[in-house]
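Worksheet for the structure shown next.
The values are calculated or read from the model by the stated rules, or taken from the named source; none is laboratory data. Please read these numbers as outputs of a predicted model, since none were measured by experiment. Virtual Cβ from ideal backbone geometry, glycine too; neighbours counted across all protein chains shown.
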Amino acid sequence: MKTRLTETIAKHFSACMDMLLPRTCIVCGKKLLVDEKHICLQCAIDLPLTHFWSRTHNPMADRFNEKLQEWLEMIWEGSEEQDTDADTYERYAYASALFFYNEDAEYKNITRELKYNRNIPAGQHFARMLGSRMASCAHFEDVGIVIPVPLHWKREWSRGYNQAEVIASEIAEKLGAVMRNDILERVRNTKTQTRLDVEEKAANVKEAFAIRNAQALLDAIGSGHDGGEHGGHVLLVDDVFTTGATLNACFVALRRVLPPEVRISIATLGFVGE
Ligand SMILES: [Zn+2]
């Protein structure tokens, strides 16, 4: 009874707040109804979901894995670390995204609001949507650690937060995994990627990431659920997947420390189709 009363009061309160400070749909800009959060019902119905989470092989995973092989060859080339086939052999990385990101569609606001408009609650809302869908899929069940793509400290300092970390936290909670932002660091502030071709992009981000504490990562894998039994499963998270170069670079940095039996998968809110 008490809870229902609290709910009613809360509802009236938000209705009053809506009159004073109308909330709008981040996609179409229409005024939101009391029960709607961040996005109106119509835009939520029309949200171009990828459904990638339910398929171990999908266009995002295919694109990522194909480039990954080139990356590993490029990285290990001439490297003293290259000694066994394990360096170039990779388990197929799973990949998941919530929606198809298109520059011409207003759904791009889902990630833009989080990245440029400090709309952290909206980012969390959509990250939970993705996380709960992933949590219902067997191939993400053993994810023990979720690692956000780090920002360079200067950029994070000026923005005040890392948008990938906001997403990673929510996904980790849904998967019953641990979010770790202390494993990977961005050691180089990379140039903007848009005008570079694939090889230039690779060179641009190749040395951008480093493992801050290798032992902490290995310990975390060991203590993650199912870590010992299945070798462990790490999920790398970013806001949008375009070419995958940034995620490829993070993957390679992690692989330098993680043994090949640890699977590394990726997840983003937006996926830019070709
Ligand atoms: Zn709308």
Check your understanding: Regarding Ile171, is this residue more than 27 Å from Gly273 (Cβ to Cβ) and at pLDDT 90 or above?
Key -> no
Check your understanding: Hey, any hits in region 59-73 for a residue that's surrounded by fewer than 16 Cβ atoms within 10 Å (Cβ to Cβ) and modelled with pLDDT under 80?
Key -> yes
Revision key, fill the gap. Residue count, region 48-76, condition within 16 Å of the ligand (Cβ to nearest atom) and either more than 17 Å from the chain's Cα centre (by Cα) or closer than 24 Å to Arg256 by Cβ (or both), comes to 1
**Study point:** Matching residues, region 17-29, being surrounded by 10 or more Cβ atoms within 10 Å (Cβ to Cβ) and either near the ligand (Cβ under 10 Å from one of its atoms) or outside any loop (DSSP other than H, G, I, E, B) (or both)
**Key:** Met17, Asp18, Thr24, Cys25, Ile26, Val27, Cys28, Gly29
Practice item. Scan region 94-120 residue by residue and report those that are among the hydrophobic types (A, V, I, L, M, F, W, C) and surrounded by fewer than 21 Cβ atoms within 10 Å (Cβ to Cβ). Key: Phe100, Ala105, Ile120
Exercise for review: From (1) loosely packed, with under 14 Cβ neighbours inside 10 Å; (2) modelled with pLDDT under 95, pick out the condition that doesn't hold for Asp142.
Suggested key: (1)
Check your understanding: Any idea which residue in region 30-47 is farthest from the ligand (Cβ to nearest atom), counting only those that are in a helix (DSSP H, G or I) and touching a residue at least 12 places away in the same chain (Cβ under 8 Å)?
Key -> Gln42
**Study point:** Among residues of region 194-216, those that are at pLDDT below 90, under 17 Å from Ala253 (Cβ atoms) and touching a helix residue (DSSP H, G or I) at 6+ places or on another chain (Cβ under 8 Å), counted
**Key:** 6
Point to revise | Close pairs from region 155-166: first touching a residue at least 24 places away in the same chain (Cβ under 8 Å) and closer than 17 Å to Val187 by Cα, partner crowded, with 20+ Cβ neighbours inside 10 Å and among the β-branched types (Val, Ile, Thr), Cβ under 6 Å, at least 6 apart | key: Ala164/Val149; Ala164/Val237
Exercise for review: Identify the single condition in (1) closer than 27 Å to Ala177 by Cβ; (2) surrounded by 14 or more Cβ atoms within 10 Å (Cβ to Cβ); (3) modelled with pLDDT under 90 that Gly123 does not satisfy, given that it satisfies every other one.
Suggested key: (3)
